[in-house]
Structures are given as structure tokens and as C-alpha cells.
Number of protein chains: 2
Amino acid sequence: MNENFLSPLTSQFQVQYRYSVQFTKGIFDLKNPSLRDFLISEKKDGDTKKALVVLDQGLISHYPNLVSEIKEYFNGLTLVVQLTGDIMVIPGGEVCKNDPQHWDSLVKAVDLYGIDRHSYMIAIGGGAILDLVGYVAAVSHRGIRLIRIPTTVLSQNDSGVGVKNSINYHGKKNFLGTFAPPIAVFNDLLFLESLDVRDWRSGMAEAIKVSLIKDKDFFLWIESNTHSLKNRDLEAMAYLVHRCAELHMEHIANGDPFEFGSSRPLDFGHWAAHKLEYLSEFSIRHGEAVAIGMALDTVYSNQKNFLSKVELDRILDLLKNLGFVIFHTKLAENEKQILYSGLQEFREHLGGKLTIMLLAGIGIPREVHEIDEKSLANSVDYLEQVV
Amino acid sequence: MNENFLSPLTSQFQVQYRYSVQFTKGIFDLKNPSLRDFLISEKKDGDTKKALVVLDQGLISHYPNLVSEIKEYFNGLTLVVQLTGDIMVIPGGEVCKNDPQHWDSLVKAVDLYGIDRHSYMIAIGGGAILDLVGYVAAVSHRGIRLIRIPTTVLSQNDSGVGVKNSINYHGKKNFLGTFAPPIAVFNDLLFLESLDVRDWRSGMAEAIKVSLIKDKDFFLWIESNTHSLKNRDLEAMAYLVHRCAELHMEHIANGDPFEFGSSRPLDFGHWAAHKLEYLSEFSIRHGEAVAIGMALDTVYSNQKNFLSKVELDRILDLLKNLGFVIFHTKLAENEKQILYSGLQEFREHLGGKLTIMLLAGIGIPREVHEIDEKSLANSVDYLEQVV
């Protein structure tokens with residue numbers, strides 16, 4: 001046989017991604033041009049595009065007119081985009097990622113309304129809604145254009161500006177998902193006013209996280225603005241969200257965006273946090289769990305002599321001064337389970353060798369590949385006492 | 001408020017993809033180094049990787065020892081890769097993409113065996129199995145490394161070397177899926193010997209398709225090798241598969257790999273084919289439907305005076321000489337349904353403006369944006385008479 005028929009072939013290509021995150025106030029105010037200008041700029045061919053809007057149920061109680069405001073906003077845009085069917089309202093929070101019926105209802109709507117790859121899905125809500133809608137958009141017709149309008153601190157400064165989506169599978173958090181950038185993100189500052197105190201606060205955990213492993217100046221800024229941030233100063237929060245989103249986006253674009261290799265996402269404090277969320281049956285918010293997870297890994301960093309006692313105190317003080325509770329009884333009750341199955345699930349989800357990010361100083365990460373039982377137990381004890 | 005807090009952020013990055021398609025004979029022969037060498041070359045860190053193997057049930061009747069051969073092959077590789085659990089055997093063909101229980105059983109296995117993002121899923125079988133396993137691999141943990149071992153003409157020369165995966169959703173073909181390149185593909189020529197005559201033949205439809213729209217020389221080669229190809233000459237088939245795979249991979253890498261824009265996949269003859277597969281309740285093979293779809297669009301191209309009668313005859317003759325039946329009664333019985341809902345579903349799946357590829361000559365595509373009812377009816381009548 002002619003061996004030419006057996007010569008190997010290689011396929012090599014790159015795929016370009018680009019999206020912008022705009023910061024605005026009152027996105028569905030008829031005078032606000034942000035979303036309208038974007039949609040008009042995307043109208044490249046003559047066709048009117050379809051859009052399916054999915055709204056976080058939690059917003060309705062704060063903004064009873066939101067559905068009609070959205071409809072009115074799009075009424076002025078019918079030559080550019082047409083809303084299909086009713087605006088879908090889905091309960092936010094972890095429940096929408098846990099219960100497959102929500103996933104199914106969205107896929108059914110994509111089919112029913114003929115939402116195609118050039119149409120839009122517009123997700124408005126907290127991180128869970130954005131994750132769910134993002135996943136549906138990513139796998140329906142192999143990818144519908146996704147516009148995210150995050151409405152919480154956490155989603156505006158972290159997941160909502162990133163490239164991931166997911167749902168849970170039989171209690172395993174984010175087991176199913178893809179890497180699929182949105183085509184645009186609109187952070188509307190005014191939505192943050194609707195947050196209850198826990199959601200206002202818990203979203204700041206990701207900002208503290210990113211400051212601890214990336215940017216000491218940002219940590220210092222948060223420290224000196226603790227009072228304003230705790231007292232719901234919208235301008236201070238606007239800066240926190242903007243800077244956190246910026247650091248998050250830089251990490252993605254300059255690193256390994258789809259995490260093919262062993263490079264790490266920004267997951268300081270997250271290994272125990274994921275397990276703790278589950279053990280608390282999601283009674284604590286993601287950010288609250290991350291604050292506890294960061295406190296734990298900060299104490300552990302000090303136990304291993306990576307981090308000074310002065311810096312340890314400073315970090316725990318910041319968390320406490322912002323109102324975070326940095327201990328949870330489930331942490332002490334399930335220490336071994338958190339250690340073993342928590343680490344294992346964390347490793348499995350990211351793949352490859354276990355890598356845990358600790359701190360060698362504020363703004364200075366240090367990676368380790370194991371957690372020792374004794375130092376962890378000491379860290380849990382320490383936290384229980386200082387809380 | 002300081003307007004700096006409102007300045008937009010932009011994320012821009014590119015993601016690199018690279019994979020090779022190797023052509024081999026007897027991939028699980030202990031003396032065959034192809035797969036072994038690849039797996040060893042991928043062992044970058046000290047860890048032994050896990051692999052979950054999924055096998056097309058159809059292969060077992062032809063190769064009753066295949067499961068034990070695969071196990072023996074991996075027995076010599078335990079420091080590099082360890083098979084987890086049993087080799088999973090799934091019925092091939094459209095049923096595995098239609099019935100969600102197969103999808104679910106694979107995701108469960110990923111969870112149960114702790115298959116992580118650095119582990120492998122190895123799919124061995126026809127295009128449907130590769131699509132299903134590829135979809136599970138793409139969405140579990142946001143992407144497990146996929147190795148494809150296509151075993152049919154169709155999958156070796158087309159889908160198995162491409163970047164897509166999918167399952168069906170309530171009868172809608174490929175409704176759910178992603179763009180996710182494999183990390184490697186191994187085309188084993190010997191598996192083609194196991195194919196029944198219909199599968200041997202139907203896979204050639206994609207080669208004819210790509211020759212008609214991309215490469216007249218390849219068309220001439222197929223024409224002059226009709227006899228060998230029909231009579232199951234393995235060397236002739238090796239060339240056909242290799243050239244078709246090459247053209248397919250070039251189109252992906254040099255075009256718009258994830259089809260973000262309006263560029264077309266290589267889908268000549270496919271709009272009616274998809275609908276016909278469905279109307280025949282999948283009693284005809286994908287390649288058989290594509291042959292009919294190509295015959296229809298070729299006649300239509302002539303009806304519209306794009307394509308000469310000489311070239312029309314030549315194309316239909318080639319299809320018939322290879323043994324393709326180029327008409328199906330469902331075509332005449334459901335002419336209007338095929339025209340309207342077939343075109344609509346085709347447009348919706350790809351999104352944007354309807355674009356149908358026709359022929360202006362052998363090797364010369366021509367795009368149109370509508371199909372007229374009368375010329376289509378004439379084309380169906382024509383086919384019914386010449387079949």
C-alpha cells in the first residue's frame with residue numbers, strides 16, 4: 001500500500017474572542033443608550049434578530065415594573081431586535097442550577113421560539129441565573145449569543161464578567177458546563193441597591209480574594225474603605241466592582257482562558273468553600289463560604305510559616321470588619337470530610353495534580369500540592385477561637 | 001461620581017487548538033505503536049492518567065475479542081494510563097443520540113470513576129457514538145480530553161476528524177452540542193473491513209460532497225476509481241478517506257472553526273438530507289440521505305441554469321455507479337414539508353440568513369438564499385424519473 005495514504009494530518013488553528021463589559025446605571029431607562037447602542041452596532045445584516053430574555057425572580061419583588069420596563073425598552077428597538085415569547089422568570093440562587101427542570105424549560109423555549117445561533121439570550125440576575133442561561137446558550141445549536149446583565153456584587157465583579165457557565169449534577173457543583181465567553185456584559189450599578197445586606201457583603205469576598213493573590217494596593221484600598229463599603233456607599237462599591245472585574249478579566253485573557261493546562265483559576269479559599277456550601281445545604285452564600293475558606297487558608301498559611309502573624313491578623317480583621325463571619329460549625333463537625341472529599345472533588349473538577357493556592361504575603365500567592373491534617377485541624381481550632 | 005468607575009473594560013484573547021489525525025492499521029495490535037506513543041508523549045507530569053473507553057456495540061459482533069484486546073493493549077501502559085471501570089458498550093447509530101439515557105449513563109460514569117479534565121475519554125465507533133461521547137466529554141467538568149477512534153468511512157473522513165459533537169433533543173437532530181476539538185484522532189483502516197455494504201458506500205457521500213464544492217481533481221479521481229471503491233478495494237478507500245479528511249480539516253482550520261460568523265460548514269446537499277433522515281425514521285443512513293440531497297440540489301442547480309446538463313449527468317452517474325439510490329418516496333410524498341420545515345430547521349440550526357450551497361460546476365460552489373417551489377418540484381420529478 002502506498003504509505004502516503006497513511007501520512008498523519010494536523011489541524012492547527014486559533015479562535016478569537018472579544019467582549020466588552022460596560023458599567024452603567026439604570027440600563028432599561030429609555031434614555032440609557034448602552035444596551036441599545038450595542039444591539040444596533042451588532043446589526044450587521046438586514047435581519048431583525050430575536051432575543052429571549054431570562055430574568056431572576058428575586059428581582060421582581062424589588063422592581064415590580066421591571067418586566068414592563070424591559071418590554072418598553074425593546075419596543076423602541078423592534079427593527080433591530082424582537083423579544084420572543086414572554087420574558088422568562090426563573091428562581092435565582094443555587095436551586096436553578098440544581099433542578100434540571102429549569103435547564104429543560106429554557107432549552108424548550110429556545111426550540112419553541114426558534115432562537116438560533118445569531119439570536120440573543122439575555123440573562124438578567126445573579127451568578128446562578130447567569131451560569132444556567134449561559135450553559136443553555138452554549139449548548140443549544142452549539143452556541144447562541146449570550147448577553148449577561150449581572151445584578152449582584154458577586155456576579156458583577158467575578159463570574160458575570162468571566163468565560164464560564166455551569167449547572168450542578170446530582171449535588172456536584174458546576175459538574176456540567178463549558179467555557180463560552182459572552183458577547184457583551186452590562187454591569188448596572190443601580191441593581192446593587194436592591195441587594196440585602198448578606199448579598200451586598202458576600203460579593204466582596206471575591207474582591208478580597210483577588211486582592212490577596214494579585215494586588216496588594218487593592219487590598220489596602222479595601223482596608224481603608226471598609227467603613228464606606230460596609231455602609232453601602234455606592235461609589236465605593238462601584239470602584240470595588242470595577243477593579244475586581246478588571247483583575248479577573250486580565251487573569252483570564254493573559255493566562256489560559258479555557259484552563260487547558262495546569263494554570264489555576266483565581267480560586268484562593270475555594271476548595272473548602274465549595275464543600276462548606278454543600279454541607280450547609282446552601283444556607284450560606286457562595287461569598288460567605290469563600291470568606292470562611294479564605295480565613296481558613298490564611299490561618300493555614302500562617303501555621304505553615306508562609307505568612308506572618310501581622311498579615312494574618314490584618315486579613316482576618318478586614319473580613320470581620322466588613323461583617324463576615326469567618327467560622328462555621330460545619331467546619332469543625334466535618335473536618336475530615338472537608339479535608340478528604342473536599343480536596344478530592346476540588347482536584348477532580350480542575351483535573352491533574354492537586355494544587356492549592358495559599359499566601360506568602362498580602363498580594364503574594366504560594367502554591368502547594370498537599371494539605372496536612374494536623375495543620376488544618378490547628379487552623380480550624382484557631383478560627384473557632386478568634387471568630 | 002468618579003466616571004472612571006464607569007469606564008468600559010474589554011477582554012480580548014485567542015485560544016489555540018491543535019490535534020493530529022493519524023492513519024493506522026490494527027490500532028490495538030500489541031505491536032502497533034500509534035496510540036501508545038501518543039499517550040506516552042502526553043504524559044507531561046508524573047501522574048498516571050485515567051481513561052474511560054466507550055465502544056460502539058456494533059463492533060462487538062465483528063470483533064468478539066475487541067474488549068479483551070483493548071484491555072490487553074492498556075495492560076502494557078499502566079504507568080501512563082489506567083482504564084477505569086469496565087469498557088462501556090453503547091448501541092451505535094442515531095439511537096444513542098436520541099435516547100437521553102445513554103448521555104446520562106456516560107455522565108454518571110465520569111462522576112463515578114472520577115474522570116477529570118486531565119483524564120481521557122476514548123470513543124471508538126461510528127459518528128453517532130463519537131458525537132455522543134464528544135458531547136459528554138465537552139460538558140463534564142467543562143471539558144475532558146477526547147480521543148476519537150472512528151470506525152466507519154463516514155466518521156473517518158468527516159465528523160470524526162472535525163470539531164463538533166452533539167446529541168438530538170426531542171427529535172431535533174444535533175440540537176444540543178458544542179464545538180470542541182479532540183486532542184487526537186486515530187483512523188484505523190482495518191475497521192472499515194467490518195462495515196456492511198451500505199455503511200461502506202454511504203460514507204463516500206461526504207467525499208463526493210467535498211469534491212463537488214472544493215476539489216474537481218478529487219471528483220475525477222473518485223470517478224476513475226468507481227469500480228475499485230464499489231468493490232471494496234481497501235487501498236482506494238484509504239486514499240478517499242485521507243483526501244476527504246484533509247479537505248475537511250483544511251476547511252475548518254482556514255475558515256471559521258466554531259462558525260461564529262456566517263461562513264458555511266461543508267453542507268452541500270444537507271438541508272433536504274436532514275429532513276429526509278427524520279421522515280424515513282432514520283431507516284436510511286446519513287450518507288444515503290446526503291446522496292439524495294446532493295442529487296436533488298444538483299438537479300436544482302441545473303434547473304436554475306447554474307450547472308450544465310453534462311455535469312449534472314456526470315454527478316448523478318457517479319452516485320448511481322457507486323450504488324447510491326438517488327431518490328426516496330418520502331421526497332415526493334412530503335415535498336412541501338421538506339421544502340418549508342426542512343429549510344426553516346436548517347436555517348435555525350445555523351442561524352442568520354438562509355444560505356444554501358448549490359453548484360455552478362464540478363468543484364465550484366454557488367450560494368443562494370432561497371429555494372423556489374416550482375424548480376424544486378421539477379427537480380423532485382426529474383429525480384423520480386431518472387432513478
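Against the test of being under 21 Å from B:His227 (Cα atoms), over 21 Å from the mean Cα position of the chain (by Cα) and among the aliphatic types (A, V, I, L, M), the options B:Leu319, B:Leu331, B:Leu312 yield a single qualifying residue, B:Leu312. The residues of region B:213-255 that are of a type in the set (Val, Ile, Thr), away from chain A (no Cβ under 14 Å) and under 20 Å from B:Val161 (Cβ atoms), listed by number, are B:Ile213, B:Ile222. In this structure, is B:Gln337 modelled with pLDDT under 90, more than 24 Å from the chain's Cα centre (by Cα), surrounded by fewer than 18 Cβ atoms within 10 Å (Cβ to Cβ) and not small (Gly, Ala, Ser)? Yes.
Put simply, of B:Val241, B:Val210, B:Val185 the only residue that is under 21 Å from B:Gly92 (Cβ atoms) and part of a helix (DSSP H, G or I) is B:Val241. For A:Lys71, state whether it is surrounded by 15 or more Cβ atoms within 10 Å (Cβ to Cβ) and of a type in the set (D, E, K, R). When the stated conditions are applied, A:Lys71 does not pass them. Among the numbered criteria (1) out of contact with any Pro (no Cβ under 7 Å at 6 or more places or on another chain); (2) more than 9 Å from every other protein chain (Cβ to nearest Cβ); (3) in a helix (DSSP H, G or I), which single criterion is violated by B:Ile149? Among (1) out of contact with any Pro (no Cβ under 7 Å at 6 or more places or on another chain); (2) more than 9 Å from every other protein chain (Cβ to nearest Cβ); (3) in a helix (DSSP H, G or I), B:Ile149 violates only (3). Residues that are of a type in the set (S, T, N, Q) and closer than 22 Å to A:Trp271 by Cβ were ranked within region A:152-177; the one that is farthest from the chain's Cα centre (by Cα) is A:Asn168.
Do we find that B:Ile292 is touching a His at 6+ places or on another chain (Cβ under 9 Å), under 30 Å from B:Gly126 (Cα atoms) and part of a loop (DSSP other than H, G, I, E, B) in this structure?
no
Inside region B:138-193, residues that are closer than 12 Å to A:Val139 by Cβ and hydrophobic (A, V, I, L, M, F, W, C) make up a count of 7.
Every condition in (1) under 28 Å from B:Leu35 (Cα atoms); (2) crowded, with 22+ Cβ neighbours inside 10 Å; (3) of a type in the set (A, V, I, L, M) holds for B:Leu190 except the one numbered (2).
Going through (1) touching an Asp or Glu at 6+ places or on another chain (Cβ under 9 Å); (2) free of Cβ contacts under 8 Å to residues at least 24 places away in the same chain one by one, A:Ala236 falls short only on (1).
If I filter region B:37-58 down to residues being assigned to a helix (DSSP H, G or I) and surrounded by fewer than 19 Cβ atoms within 10 Å (Cβ to Cβ), which single residue comes out as farthest from the other protein chains (Cβ to nearest Cβ)?
Filtering region B:37-58 for residues assigned to a helix (DSSP H, G or I) gives B:37-42, B:57-58.
From what's left, surrounded by fewer than 19 Cβ atoms within 10 Å (Cβ to Cβ): B:37-38, B:40-42, B:57.
Details: B:Asp37: 11, B:Phe38: 10, B:Ile40: 16, B:Ser41: 13, B:Glu42: 12, B:Gln57: 25 Å.
Checked region B:37-58; the qualifying residue farthest from the other protein chains (Cβ to nearest Cβ) is B:Gln57.
Residues of region B:86-124 that are aliphatic (A, V, I, L, M), facing chain A (nearest Cβ under 10 Å) and touching a residue at least 60 places away in the same chain (Cβ under 8 Å): B:Ile115 alone.
Checked against (1) more than 23 Å from the chain's Cα centre (by Cα); (2) buried (at least 22 other Cβ atoms within 10 Å of the Cβ); (3) farther than 20 Å from A:Ile213 by Cα, A:Val299 meets all criteria but (3). Among the residues of region B:310-368, those that are of a type in the set (S, T, N, Q), within 14 Å of another protein chain (Cβ to nearest Cβ) and not in a loop (DSSP other than H, G, I, E, B) comprise B:Ser341, B:Gln344.
The single condition among (1) under 20 Å from A:Lys320 (Cα atoms); (2) within 11 Å of chain B (Cβ to nearest Cβ); (3) surrounded by fewer than 21 Cβ atoms within 10 Å (Cβ to Cβ) that A:Ser283 does not satisfy is (2). The single condition from (1) within 20 Å of A:His286 (Cα to Cα); (2) at pLDDT below 95 that A:Ala205 fails is (2).
Within the set B:Gly134, B:Gly143, B:Gly162, the sole residue that is within 12 Å of chain A (Cβ to nearest Cβ), out of contact with any helix residue (DSSP H, G or I) (no Cβ under 8 Å at 6 or more places or on another chain), of a type outside the set (A, V, I, L, M) and under 24 Å from A:Pro257 (Cα atoms) turns out to be B:Gly134.
Which residue, of A:Asn98, A:Asn65, is of a type in the set (S, T, N, Q) and at pLDDT 95 or above? So that I can check it myself, show each step before the final result.
On the way: A:Asn98 fails: at pLDDT 95 or above.
Unique residue meeting the criteria: A:Asn65.
How about region A:249-278: which of its residues are assigned to a helix (DSSP H, G or I) and crowded, with 20+ Cβ neighbours inside 10 Å? Show your work before the answer.
Applying the first criterion (assigned to a helix (DSSP H, G or I)) to region A:249-278 yields A:249-254, A:270-278.
A:Met249, A:Ile252, A:His270, A:Trp271, A:Ala272, A:Ala273, A:His274, A:Lys275, A:Leu276, A:Glu277, A:Tyr278 - these are the residues of region A:249-278 that are assigned to a helix (DSSP H, G or I) and crowded, with 20+ Cβ neighbours inside 10 Å.
Number of residues in region B:188-201 that are free of Cβ contacts under 8 Å to residues at least 60 places away in the same chain and not in a helix (DSSP H, G or I): the value is 2. Here A:Glu246 passes the criteria (1) without any contact (Cβ under 8 Å) to a residue 12 or more places away in the chain; (2) not in a helix (DSSP H, G or I) except the one numbered (2). Taking the conditions (1) touching a strand residue (DSSP E or B) at 6+ places or on another chain (Cβ under 8 Å); (2) within 12 Å of chain B (Cβ to nearest Cβ); (3) modelled with pLDDT of 95 or more in turn, A:Ser7 satisfies each one other than (3).
Screening B:Ser61 against (1) free of Cβ contacts under 8 Å to residues at least 24 places away in the same chain; (2) within 14 Å of chain A (Cβ to nearest Cβ); (3) under 27 Å from B:Ile90 (Cα atoms); (4) among the small types (Gly, Ala, Ser) leaves a single unmet condition, (2).
Among residues of region B:293-315 that are free of Cβ contacts under 8 Å to residues at least 40 places away in the same chain and assigned by TED's automatic domain parsing to the domain that holds B:Ile213, those with a beta-carbon under 6 Å from a residue that is among the small types (Gly, Ala, Ser) and crowded, with 21+ Cβ neighbours inside 10 Å at least six positions away or on a different chain give the pairs B:Gly293/B:Gly269; B:Gly293/B:Ala272; B:Gly293/B:Ala273.
Annotation: of all residues in region B:337-369 being in contact with a strand residue (DSSP E or B) (Cβ under 8 Å, 6 or more places away or on another chain) and of a type in the set (Asp, Glu), the one that is nearest to B:Val210 (Cα to Cα) is B:Glu367. Select from region B:10-31 the residues that are within 12 Å of chain A (Cβ to nearest Cβ), over 27 Å from B:Glu250 (Cβ atoms) and surrounded by 15 or more Cβ atoms within 10 Å (Cβ to Cβ) and list them in ascending order. Passing the criteria: only B:Ser11. Count of region A:167-180 residues, restricted to those that are touching a residue at least 60 places away in the same chain (Cβ under 8 Å) and either more than 9 Å from chain B (Cβ to nearest Cβ) or buried (at least 23 other Cβ atoms within 10 Å of the Cβ) (or both), is 4.
The values are calculated or read from the model by the stated rules, or taken from the named source; none is laboratory data. None of these values were measured; they are calculated from a predicted model. Cβ: placed from backbone, ideal geometry, glycine included. Neighbour counts: every protein chain shown.
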